Amino acid sequence: MNVNHDPRSTTQMLPQDATQTVAAGRLTKNSGWKLHLQTVIARAYPRVVGQQREKSWMFFDILLPMLAVSAYVFVYRAIQAPEDYIGFVVVGGAMTAFWMNVLWSMSSQLYWEKEQGNLALFIMSPSSMMAILLGMALGGLFATTLRAIAIILLGSVFFNVRYAVTSFTQLFAVFFLAMVALYGLGMVAASFYLLLSREAWHISNLAQEPIYLFSGFYFPVKNFSFWVSAAASIIPLTLGLDAMRQLVFKTGPSLGFISVPLEITVLAILSVIFIFSARLMLAYMERLSIREGRLTDSRR
Amino acid sequence: MDFAIRTEKLGRTYKIRGGKKSEPRTLLALNDINLEVYPGELFGLLGPNGAGKTTLIKILTTLLAPTEGYAWVAGFNVAKEPEKVRPRINMVSGGESSGYGLLTVRENLWMFSQFYGLSSTVANRNIKHLLEVVGLSDRINAKSSDLSTGLRQKMNIVRGFMTDPDVLFLDEPTLGLDVGASREVRHFIRSWVDDDPTRTLLLTTHYMVEADELCDRVAIINQGRVLACDTPSNLKRNLQQDAIFHLEVSAFNGTLNASRFEGLPGVCNVTHSPQDGFEALDLILEEEQALAGVVNTLTESNIRLLNLQKNEPTLEDVFVKLVGQSMEEVEQKGDERES
């Protein structure tokens, strides 16, 4: 960069077109749905591309969950449980990746964005916070799906899991709705955690293991009483996992909590409720933060 | 006349929650701020840390609601029409660590450009160009986590300029930059405003030289109030009739207290800063003759005059005259209160 010692006459000392690019007739900027779409893609980018650069994810997100899966597999084999239980554990192990992602990379994310200084920039920009959160969710979903597929492939090969898919359409619908509802829940939690600030960390810690238990990640949720299973169904993965097991394993339907069509209906309702709630919570959080000045008060 | 920025009786009070036993208290961060900034102007907010500069910027950038009064940016009320203000503004803060460390400089900047609706072609062109301007083009593909504080700040500066906002807010933009980099950034800031009369830039700083060099007009702010607002030359001109002296004298060693000078006839302000082996005194006098009283007082106390220099007024002197203390002293007292 050229330097001129008189700050009042710098233009001539800068490269000739130093400010021309941005000056050219002022920039055309998209708004409306185009801006929304651009924001979603841009915010998904760090997770779709950036997160894959840190190769340690292969160890932490695939090998460590595989250890937990292996432990359950060996227990089931030791007690000579039905062979499909092995498959239940592998699928459950893969789905833990989504719960971990929602808990640590979705719910806590707005709080970390605030601490990082990004949240103020997001809110100050013309894009909507909903688009930012959606991008965050889709990026996380993509990155986590890679991890989940890896766990299923490894688990299936290592433990010789046999699948008997009865309906790919229903399987896709269950997975899609479970993910919409789950990430919708994550979006609600993101606003809630932001209001709680540092305490959010404890909630994530607190929510991790109990959900593994009550959502039946490693065993059929039907083993609980009806009301415990019903209460656990507020976490979309409970029904999502149960329905997927019913659809991909021979003995699945006999071990299922409720029928697949009913589970699809409940998941659809949960999706609408969580996405709508996320929108309301986000608007409330933004209003409250602006009123109280919490948006940019990080502890850095 | 349309203003780029206008505030009317603007105020902000924070409620600070007390502990379990103490009552919540209120902190008046801004009080009765009336400002008018014209399009094409580079306007400076000058004041010590804690003066209210950042609070004012937060309100103007729609991040904080005022508790009193009104503010308009680019013609829109910031509290009632934030969605109309946001596409027209951008902000860069000194020392911010925004973006994601796993992304490269280009990727981070591209991501933020998308939040403003720029097409990728235009965004990439601007990014490439502005990185060249700030001397960061060789790091375009470096991960932002690998950048030093200064380089990261340059990236942030590009982030603010690349969307070509109507009104740009720079909150201590040269914080953390070395002398050379600060000078380069100041040059670019000035040229950016000069290049297009529809652009407006509001800059906060506590560096007097920065405000003096860069700004068309400056508002001096302290304890949430605007004390003066004019061009740097007019602000200094008001002090022209005063005589400003810098004295270096032998160590006081307890024989003299600097406050004694303040009672002397014709002495407006005294700023005392003990140095290694000597004492520095900055005096604002009503007229040169008042210096005789100062010298006599020194002689009576057996203090030797080591160096005497008459200075042209600076914005620092303007601040001292308005506040009664140097900016450094105000900041020190603020730190002591907080601790």
* Structure fact -> Using eta = 1.306 mPa s and T = 10 °C, Stokes-Einstein with Kirkwood Rh from Cα pairs puts D for the protein assembly as shown, in µm² s⁻¹, at 56
* Work out, in µm²/s and without decimals, the Stokes-Einstein translational diffusion coefficient of the stretch A:25-169 at 10 °C, 1.306 mPa s, Rh from Kirkwood over C-alpha pairs. => 91
* Asked: Any idea what Rg and Dmax come out to for the stretch B:241-312 if you just take the C-alpha atoms, in Å?
  -> 11.1, 34
* **chain A: DSSP helices with Cα axial extent of at least 30 Å and average Kyte-Doolittle hydropathy no lower than -1.0** => A:129-159, A:168-196, A:260-292
* Against the rule of thumb 2.2 N^0.38 Å, how large the Cα Rg of the stretch B:212-339 comes out -> 1.12
* Cα gyration tensor category, rounded, prolate or oblate, for the stretch B:50-105 with a/c compared to 1.5 -> oblate
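Given charges of +1 on the Cβ of Lys and Arg and -1 on the Cβ of Asp and Glu, with all other atoms neutral, how large is the dipole of chain B about its Cα centre, in debye to the nearest 20?
For this selection, approximately 1540 debye.
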* Select from A:Phe88, A:Tyr212, A:Val161 the residue farthest towards the positive end of the dipole of the stretch A:32-292; place +1 on Cβ of Lys and Arg, -1 on Cβ of Asp and Glu, and compute about the Cα centre. => A:Val161
* To do: Starting from the coordinates of the alpha-carbon atoms of the stretch B:134-246, obtain the Kirkwood hydrodynamic radius over all distinct pairs and give the value in Å to one decimal.
  => 15.9
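Mind giving me the FRET efficiency for A:Leu280 and A:Leu213? R0 is 35 Å, r the Cβ-Cβ distance, nearest 0.05 is fine.
In this case the efficiency is close to 0.70.
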* Structure fact -> Using alpha-carbon coordinates alone, the radius of gyration and Dmax of the stretch B:144-201 in Å work out to 11.7, 37
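Sort A:Tyr183, B:Tyr70, B:Tyr116, A:Tyr72 so that the residue with the fewest other Cβ atoms within 10 Å of its own Cβ comes first and the one with the most comes last.
Listing A:Tyr183, B:Tyr70, B:Tyr116, A:Tyr72 from fewest to most nearby Cβ atoms yields B:Tyr70, A:Tyr72, B:Tyr116, A:Tyr183.
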* To do: Report Rg(Cα)/(2.2 N^0.38 Å) for the stretch B:187-271, keeping two decimals.
  => 1.54
* Can you list, bin by bin at 20 Å, the percent of alpha carbon pairs in chain B, starting at 0? -> 27, 50, 22, 1
* Structure fact -> Taking a straight Cα-to-Cα line shorter than 25 Å from B:Lys53, and setting aside same-chain lysines fewer than 8 residues away, one finds A:Lys114, B:Lys9, B:Lys15, B:Lys80, B:Lys84, B:Lys154, B:Lys236, B:Lys321, B:Lys333
* Structure fact -> To the nearest 20 debye, the stretch B:221-321 has a Cα-centred charge dipole, built from +1 on Lys and Arg Cβ and -1 on Asp and Glu Cβ, of 140
* Structure fact -> Stokes-Einstein D for the stretch A:154-213 (20 °C, 1.002 mPa s, Kirkwood Rh from Cα pairs), in µm²/s, comes to 147
* Structure fact -> Taking a crude spin-label model, label points 7 Å out from Cα along the C-beta direction, the A:His202 to B:Lys310 distance in nm is 6.8
* To do: Sort out for me the Cα centre separation of the stretch A:31-46 from the stretch A:53-113, rounded to whole Å.
  => 30
* Dipole-positive endmost among B:Ser301, B:Val267, B:Leu283 within the stretch B:241-312 (Cβ charges, Cα centre) -> B:Ser301
* Extended-chain gain in nm, criterion 0.36 nm per residue less alpha-carbon gap, A:Ser70 and A:Trp112 -> 11.8 nm
* For chain A, what does -39500 (n - 2.57) per DSSP helix run (n ≥ 4), summed and divided by total residues, give at 222 nm, in deg cm²/dmol to the nearest 500? -> -21500 deg cm²/dmol
* To do: Per residue, how big is the convex hull around the C-alpha atoms of the stretch B:1-78? Give it to me in cubic angstrom, could you?
  => 92
* Structure fact -> hull vol. (C-alpha, convex hull) per residue for the stretch A:32-292, Å³ -> 131
* Starting from the Cα of B:Lys128, draw a straight line to each of the aspartates and glutamates and keep only those under 13 Å, dropping any in the same chain fewer than 8 residues away. => A:Asp17, B:Glu107, B:Asp138
* Asked: Is the shape of the stretch B:104-144 best called rounded, prolate or oblate, per the rule: a/c under 1.5 gives rounded, else a/b larger than b/c gives prolate, else oblate, with a ≥ b ≥ c the square roots of the Cα gyration tensor eigenvalues?
  -> oblate
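When the gyration tensor of the stretch A:254-295 is built from Cα positions, what are the square roots of 5 times its three eigenvalues, in whole Å, from largest to smallest?
The equivalent ellipsoid of the stretch A:254-295 has semi-axes of 37, 9, 4 Å.
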* **Modelled FRET efficiency - R0 56 Å, B:Leu27 with B:Asp195, Cβ distances, 0.05 increments** => 0.90
* Structure fact -> Given a Förster distance of 41 Å, the FRET efficiency implied by the Cβ-Cβ spacing of A:Glu54 and B:His246, rounded to the nearest 0.05, works out to 0.15
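Every number here is computed from the coordinates shown, using simple stated rules; none is lab data. The shown structure was predicted, so the numbers you read here are calculated from the model rather than taken from an experiment. Please note: Cβ atoms are built from the backbone with ideal geometry, for glycine as well, and neighbour counts cover all protein chains shown.
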